[in-house]
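Student: Structure provided below as structure tokens; questions to follow.
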């Protein structure tokens, strides 16, 4: 059965800029996950044009947004030229959690690096990311919660894509919550949530 794993070739995808639909970030906010973790500031290190950070700020969360690339049309408060994977400490020491939709080909590296900074990491990934021996260290030791969407997200087209546009994603997505401290229990929580406004 096709699970929507097909994507464009890496050579065609550049920096993997797929803008997160506003409803995805709004759904994460509604779960209450952020209010459990955040008192000071969120770091969005793959901000792109600002899709996630814009929604977080609109909900009252102080958010520091950065990206390696300076995309045309990005929100003006995004710090650019910041390579998240080479940073040893957040620029802003008030950061308490990382929230991002990382470049797909670098997702595991983003999670591992965020955890190495001693920060919880919340990432939007296809639900099938729960599979894979190569990320067993993350899933088996650091994943504490998965917020799986009841419905399919609107399709995330690559920035600049001029081909046919689909109305919804062919794959189920979820927010994955990782904690820097290895968990002592054998399992992790899986909860369902709606991408739609209640």
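Student: Scan (1) more than 19 Å from residue 173 (Cβ to Cβ); (2) in a loop (DSSP other than H, G, I, E, B); (3) within 16 Å of the chain's Cα centre (by Cα) for the single condition residue 48 breaks and write down its number.
Tutor: Going through the list (1) more than 19 Å from residue 173 (Cβ to Cβ); (2) in a loop (DSSP other than H, G, I, E, B); (3) within 16 Å of the chain's Cα centre (by Cα), residue 48 breaks only (1).
Student: For the structure I just gave you, tell me whether residue 56 is under 21 Å from residue 119 (Cα atoms), touching a strand residue (DSSP E or B) at 6+ places or on another chain (Cβ under 6 Å) and surrounded by fewer than 15 Cβ atoms within 10 Å (Cβ to Cβ).
Tutor: no
Student: So which residues in the stretch 20-32 are under 13 Å from residue 97 (Cβ atoms) and surrounded by fewer than 21 Cβ atoms within 10 Å (Cβ to Cβ)?
Tutor: Listed by number, the list holds a single entry, 29.
Student: Next up: Condition check: more than 22 Å from residue 34 (Cβ to Cβ) and at pLDDT 95 or above. Does residue 181 satisfy that?
Tutor: So residue 181 fails the test.
Student: A follow-up question, please. Among the numbered conditions (1) farther than 25 Å from residue 67 by Cα; (2) in a loop (DSSP other than H, G, I, E, B), tell me where residue 119 comes up short.
Tutor: Among (1) farther than 25 Å from residue 67 by Cα; (2) in a loop (DSSP other than H, G, I, E, B), the lone unmet condition for residue 119 is (1).
Student: Would a scan of the stretch 6-28 turn up a residue that is in a strand (DSSP E or B) and either more than 23 Å from residue 129 (Cβ to Cβ) or modelled with pLDDT of 95 or more (or both)?
Tutor: Checking the stretch 6-28: not a single residue is in a strand (DSSP E or B) and either more than 23 Å from residue 129 (Cβ to Cβ) or modelled with pLDDT of 95 or more (or both).
The values are calculated or read from the model by the stated rules, or taken from the named source; none is laboratory data. Everything numeric in this text was worked out from a predicted model, so none of it was measured. Heads up, the Cβs are rebuilt from the backbone with ideal geometry, glycines too, and the neighbour counts pull from every protein chain shown.
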